[in-house]
Amino acid sequence: MPGISATATKTYAVKETDLPGPINNTVTASGAEDRTKKPVSAKATATVALTYNAALSLTKVPSSTTAKVGETVTYSIHGKEHR
C-alpha cells in the first residue's frame with residue numbers, strides 16, 4: 001500500500017565508556033514491495049556529540065598559620081574529581 005508509514009522510538013543511556021564520543025547510531029528497515037515482492041530497504045544514521053566537563057579541585061590546609069624554627073607544620077590535602 002503506498003503511503004504506509006511507521007514510527008519507532010529507542011532510548012540509549014550514555015556511558016562513560018562512550019567518551020570522548022561521538023555516538024553514531026544507524027537504523028535499517030527492510031521489507032518487500034507489495035506487487036512485485038522485490039526487496040526494499042533504507043538506512044538512516046544519527047550522530048550525537050558528547051560533552052564532558054572534567055575538573056579537579058585541590059585544597060591544602062596547614063595545621064598552623066604561624067610556626068617557629070624547629071616546629072613542625074602538617075598539611076592536610078584534599079582532592080576531588082568533578083564531573
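Values in this text are rule-based calculations from the coordinates and carry no lab data. All figures in this text were calculated on a predicted structure; none of them were measured in a lab. Please note: Cβ atoms are built from the backbone with ideal geometry, for glycine as well, and neighbour counts cover all protein chains shown.
Distance between the pseudo-spin-label points of T66 and K43 (7 Å out from Cα toward the beta carbon): 7.5 nm. Taking θ as phi - 60° and the Karplus parameters 6.51, -1.76 and 1.60, the scalar couplings of the stretch 21-36 work out to x, x, 8, 10, 9, 10, 10, 10, 10, 9, x, 9, 5, 3, 7, 9 Hz in sequence order, x denoting glycine and proline.
When its C-alpha radius of gyration is set against 2.2 N^0.38 Å (N residues), the chain gives a value of 2.49.
Count the lysine pairs in the chain whose Cα atoms lie under 30 Å apart, taking only pairs 8 or more positions apart in sequence or on different chains. Lysine pairs meeting both conditions in the chain amount to 7. Mark the label point 7 Å from the Cα of V14 along Cα→Cβ and return the residues of the stretch 27-58 whose backbone N is within less than 17 Å of it. Correct set: 46-55. The GNM of the chain, with springs linking C-alpha atoms under 10 angstrom apart, assigns the highest mean-square fluctuation among K15, K38, K68 to K68.
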